[in-house]
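Engineer: Sending over a structure as structure tokens; questions will come in a sec.
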């Protein structure tokens, strides 16, 4: 007695090897990755992995988030979240994990139970020796294409903060701020970060 006909697509999927080759990563593949502290992000099917953040990275993140929270207590303009938090950008079905994100009050509906489902208004990435090129190249391009209005690159080694803003679909550098200077946000009016305070030992 013959059974039901074999679905060739289902058979191919069942026989598919794991991990998949670069360029073919899916959301289901990403879910299979171990929770070992590594940051695993996928851009257009390509997997990028970064080791757990250093203690210096964490200190810088805490200082910036602290200033954001203090600012938002005085001016409740929205909500800030920080890693680990998933952000599912348009045309990128696998969530990203930015270091720090901000969403304006009128757009808080994009913050779901699992992920932020949409484009944040401000994203900050803190560079590490292992991911500096990724943050400057691949992630900048993805945030630009997703329409993130403002992107900060925080570099603990160079002790600089770069602020980019979106102008007609392209990021322009508003400024690179060094020790003794203050990095201001263009999108979140009134918010600024003294560079010395962020990188103090």
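Each value in this text was obtained by applying a stated rule to the coordinates, not by laboratory testing. Treat the numbers as computed from the prediction; the structure is a model and nothing was measured. Neighbour counts are summed over all protein chains in view; Cβ atoms, including those assigned to glycine, are modelled from backbone coordinates with ideal geometry.
Engineer: Provide Rg over Rh for region 92-201; use the alpha carbon set for both Rg and the Kirkwood Rh (inverse mean inverse pair distance).
Structural biologist: 0.96
Engineer: Can you say what percent of the DSSP beta bridges in region 85-201, counting only those with both residues inside, are antiparallel? Round to 5.
Structural biologist: Beta bridges within region 85-201, antiparallel portion: roughly 70 percent.
Engineer: Right, next: Tell me, what is the FRET efficiency for residue 113 and residue 30 to the nearest 0.05, using R0 = 22 angstrom and their Cβ-Cβ distance as r?
Structural biologist: Numbers: r = 18 Å, r/R0 = 0.83.
FRET efficiency, residue 113 to residue 30: 0.75.
Engineer: Can you tell me the mean projection area, over all orientations, of the convex hull of the chain's alpha carbons? Units nm², please.
Structural biologist: Values: hull surface 56.6 nm².
The Cα convex hull of the chain, projected and averaged over all directions, gives 14.2 nm².
Engineer: Here's a follow-up. Neighbour counts of other C-beta atoms within 10 Å: give me 32, 139 arranged from fewest to most. Let's see the in-between values first.
Structural biologist: Numbers: 32 10, 139 22.
Fewest-to-most ranking of 32, 139: 32, 139.
Engineer: Further question: Kindly work out what percent of the DSSP beta bridges joining two residues of region 65-122 are antiparallel, to the nearest 5.
Structural biologist: Counting DSSP beta bridges with both partners in region 65-122, the antiparallel share is about 75 percent.
Engineer: A follow-up question, please. Classify region 26-116 as rounded, prolate or oblate, taking a ≥ b ≥ c as the square roots of the eigenvalues of its Cα gyration tensor: rounded when a/c is under 1.5, otherwise prolate if a/b is larger than b/c and oblate if not. Let's see the in-between values first.
Structural biologist: On the way: a/c = 2.92, a/b = 1.39, b/c = 2.10.
Since a/c reaches 1.5 but b/c is at least a/b, the shape of region 26-116 is classed as oblate.
Engineer: What ranking do 35, 29 get, fewest neighbouring Cβ atoms within 10 angstrom at the top?
Structural biologist: By the 10 Å Cβ count, ascending: 35, 29.
Engineer: Now for a separate question. Between region 122-155 and region 160-201, what is the separation of their alpha carbon centroids in Å?
Structural biologist: 13 Å
Engineer: Mind checking the angle between helix 55-74 and the chain's longest principal axis? C-alpha axes, 0 to 90 degrees, to the nearest 10.
Structural biologist: For 55-74 against the chain, the angle is about 70 degrees.
Engineer: In addition: For the chain, what does the helix formula give at 222 nm: sum of -39500 (n - 2.57) over DSSP H segments with n ≥ 4, over the residue count, nearest 500 deg cm²/dmol? Write down the numbers at each step before the final one.
Structural biologist: Details: 5 runs with 45 residues, N = 201.
After summing the helix terms and dividing by residue count, I get -6500 deg cm²/dmol.
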